[in-house]
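Comments concern the structure below.
The values are calculated or read from the model by the stated rules, or taken from the named source; none is laboratory data. In this text the structure is predicted, and so the values were computed from the model without any measurement. Note that each Cβ is placed from the backbone with ideal geometry, even for glycine, and that neighbours are counted across all protein chains shown.
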Amino acid sequence: MNAGNTGGRGQESRTRRRGQGQLEAQVLAVLGSAAGPVAATWVQERLDGDLAYTTVITILTRLLDKQAVTRTRSGRSFLWTPVADGAGLTALRMRRLLDERDDRDAVLSRFVSGLSPHDARVLRALLTDGAPESGGTPVDDTES
């Protein structure tokens, strides 16, 4: 009986295991590459590794609860469409965290005071000019 070997396999398995946020980002990336709404099996086939179908459904359902995807009925199953990409999902999380606090002003103040100078310029430009349609970072021409 060699307990060291059993522990080693468990440790290796835990090391390779992905976190929920990482899986959500991967599922969103796969959905984003689709030409239109797709079935969960389509997503499962394109994900790295061998995730169970039930795991893919769980991740898609969590993303649905977070309003990062939508689903439409197609026969007895659903077709899934992304609403948000990885950046959009992070923004949804940030808004949800902010909404959970009674002291929104204090949270925002601490968040902004911790921004790097570059991030502060980007945020200032976004607040002044609005979000760019591309969803990317606005061009910072203040230093030209």
- Query: Somewhere in region 40-61, is a residue closer than 15 Å to Asp85 by Cβ and among the small types (Gly, Ala, Ser)?
  - Reply: no
- Task: Could you give me the residue pairs with C-beta distances under 6 Å whose first residue belongs to region 13-38 and is not assigned by TED's automatic domain parsing to the domain that holds Asp65, whose second residue is at pLDDT 65 or above wherever it lies, and which are 6+ apart or on separate chains?
- Result: none
- Query: Can you pull out the helices (runs of 4 or more DSSP H) entirely within region 14-122 that have at least 2 residues that are in contact with a Ser or Thr (Cβ under 9 Å, 6 or more places away or on another chain) and at negative phi?
  - Reply: 20-32, 40-46, 53-65
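Determine whether Leu63 is closer than 14 Å to Leu23 by Cβ, surrounded by 14 or more Cβ atoms within 10 Å (Cβ to Cβ) and in contact with a Leu (Cβ under 8 Å, 6 or more places away or on another chain).
It is true that Leu63 is closer than 14 Å to Leu23 by Cβ, surrounded by 14 or more Cβ atoms within 10 Å (Cβ to Cβ) and in contact with a Leu (Cβ under 8 Å, 6 or more places away or on another chain).
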- Scanning region 41-60 residue by residue, the ones that are surrounded by 14 or more Cβ atoms within 10 Å (Cβ to Cβ) and hydroxyl-bearing (Ser, Thr, Tyr) total 2
- Taking region 97-144, which residues are modelled with pLDDT of 90 or more, surrounded by fewer than 10 Cβ atoms within 10 Å (Cβ to Cβ) and either aromatic (Phe, Trp, Tyr) or closer than 23 Å to Lys66 by Cβ (or both)? Asp102
- So, of the residues in region 65-92 that are under 15 Å from Val30 (Cβ atoms) and of a type in the set (A, V, I, L, M), which turns out to be modelled with the highest pLDDT? Leu79
